[in-house]
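Peer 1: Dumping the structure here so I can ask a few things about it.
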Amino acid sequence: MGLVTFRRRSGVPHRQAASVWQLFDRHFCKFNDWQTRLVAQARRRGWITTRYGWKARVVTATGTTTLYNWGIQSGASDVLRIAVILAAQAGFELLTTCHDSLLVSVPEAEAETRCTALTHMMEEAAEIAVGVRIKVDVQVIRPGMRMLNADTAPLWNRIIALLDEGKLRDEQ
């Protein structure tokens, strides 16, 4: 997205949009340089790849934003795969992955130390896969708790209420 598109989509005056755009360029110059090199190399080669070999063909019609997104998403998938391997090697009980997360089960008494270890593994996985450490968030779900947040709790509570009222039944 260029400045003109950004200004149009944001609905702010040109001067304000230009100030935001310049601020973004100053704060994310390394990221912008990486994206520019990634796209130029992909167009020159006719393909794009991650450090670990995930490859995609690039044709004339391939959009620049598609290549930007591919670089981020494919790199993130490499990070997650490496994190899974590191966690398994460290003896974590991996329950599942979800987008960019690992769900593991640990003894409650070890939760804090295991979370710290897993955080370091995910940071290490990013450094291995894409060359930079990432910020890792941790959420601990203790026995009896659910993975609810402000967005998901109302629906969950409604479902439980319907079950309690007998309005949802197993029809099998």
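The values are calculated or read from the model by the stated rules, or taken from the named source; none is laboratory data. Computed from a prediction, not measured in an experiment: that's the story for all the values here. Here the Cβ positions follow ideal geometry from the backbone for every residue, glycine too, while neighbour counts run over all protein chains shown.
Peer 1: Looking at Val20, is it in a helix (DSSP H, G or I), touching a strand residue (DSSP E or B) at 6+ places or on another chain (Cβ under 8 Å) and either modelled with pLDDT under 90 or not acidic (Asp, Glu) (or both)?
Peer 2: Against the criterion (in a helix (DSSP H, G or I), touching a strand residue (DSSP E or B) at 6+ places or on another chain (Cβ under 8 Å) and either modelled with pLDDT under 90 or not acidic (Asp, Glu) (or both)), Val20 does not qualify.
Peer 1: Pairs please, first residue from segment 1-18 and in the same structural domain as Asn32 (by TED's automatic domain parsing), second anywhere and surrounded by 14 or more Cβ atoms within 10 Å (Cβ to Cβ) and not small (Gly, Ala, Ser), Cβ atoms under 7 Å, 6+ apart in sequence or on different chains.
Peer 2: So the pair list comes out as Leu3/Trp21; Phe6/Trp21; His14/Arg7; Ala17/Leu3; Ala17/Phe6; Ala17/Arg7; Ala18/Leu3.
Peer 1: Only residues that are within 19 Å of Val132 (Cα to Cα) and either of a type in the set (Val, Ile, Thr) or touching a residue at least 24 places away in the same chain (Cβ under 8 Å) (or both): list them for segment 40-61, please.
Peer 2: Correct list: Thr49, Thr50, Arg51, Tyr52, Trp54.
Peer 1: Which condition number does Ile72 fail, the rest of (1) in contact with a strand residue (DSSP E or B) (Cβ under 9 Å, 6 or more places away or on another chain); (2) under 22 Å from Asn32 (Cα atoms) being met?
Peer 2: (1)
Peer 1: So how many residues does segment 112-159 have that are of a type in the set (Val, Ile, Thr) and touching a residue at least 12 places away in the same chain (Cβ under 8 Å)?
Peer 2: 7
Peer 1: Inside segment 62-111, can you point out the residues that are free of Cβ contacts under 8 Å to residues at least 40 places away in the same chain, within 30 Å of Trp47 (Cα to Cα) and of a type in the set (Asp, Glu)?
Peer 2: Within segment 62-111, Asp100 is the sole residue that qualifies.
Peer 1: Further, regarding this structure: If Leu102 passes every condition in (1) modelled with pLDDT of 95 or more; (2) crowded, with 17+ Cβ neighbours inside 10 Å but one, which one does it miss?
Peer 2: (1)
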